[in-house]
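Quick notes on the structure that follows.
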Amino acid sequence: MTPLKQASLLFVLVPTLTFAASVPKTILPDNIITCQPNANCFGKNLYGRNYRVINTPRFTVMVAISREGVYTRADVSIANNTVLPQSLTPEDFRIEVLTPKPKVLLYILPSDLKDLPATPIPAPQPQTSPTPPIASSFLSQQSSISSTSDPAQTPQVADADSDAKKMALQQAADKAASDHPLQATSLPPNEVTRGRVYFESDKHARLVNIVLPIAGLVFEFPYSMR
């Protein structure tokens, strides 16, 4: 190849290589975190549903999937383990059908949902004082005994009863939050958000992959629908 031809080839290739180098790599392989049994993923039963959980230094992500009416429903819980607020946008979520025919099931806005099965409404609690649970009765008896034997123990029993009530209230609040659509938010540090996410449905889908892009990371949860 003559020097003139070499110079011409360099003139063509240099701009091409420069452009390729300038294209940003939006998702690196290290940013994709897949739920793998006996690795970084484990199961957890919560609110009567079987979740799969991925725990990382930045996020703890939990997902449970089911069919609901004409939709595919994902119950999602996301904990921000960082010291900074993290952006969360459910519209970025999707479900990839892998078998038998590959396709993508897109996110459905809560305002576009129709004909969802009715959510059971808890029965109202009676206004009269109910019979105290066994645990509360036991604590009350222990409190009475302690007051006659060792007054210093009474505050400890009261604190234990108060902590149990706070925990029950927190669990009830978490359950109520999980029954509503997951909203786009800036998730504060050390906070958890929960909710339902609805997608299109494919009644023939067998193996699917739930894909959740969150703040530069991509969490993937393979599921069998059969």
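The table for this structure:
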read-out	value
Extension gain (nm, one decimal) between Ser224 and Tyr47, 0.36 nm per residue minus Cα-Cα	61.6 nm
Sites Asn40 and Thr185 - FRET efficiency at Förster radius 22 Å, r taken between beta-carbons, to 0.05	0.30
Potential lengthening between Glu91 and Lys103 on full extension [0.36 nm per residue; Cα-Cα distance subtracted]	2.6 nm
Estimated FRET transfer efficiency when R0 is 45 angstrom, pair Asp30-Val70 (beta carbons, to 0.05)	0.75
Modelled FRET efficiency - R0 25 Å, Asn209 with Lys114, Cβ distances, 0.05 increments	0.45
Fewest-first ranking of Leu98, Leu106, using other Cβ atoms within 10 Å as the exposure measure	Leu106, Leu98
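Just so you know, all these numbers are worked out from the coordinates, no wet-lab data involved. Fair warning: this is a prediction, and the values are worked out from it, not measured in the lab. All Cβ positions, glycine included, derive from the backbone under ideal geometry; neighbour counts span all protein chains shown.
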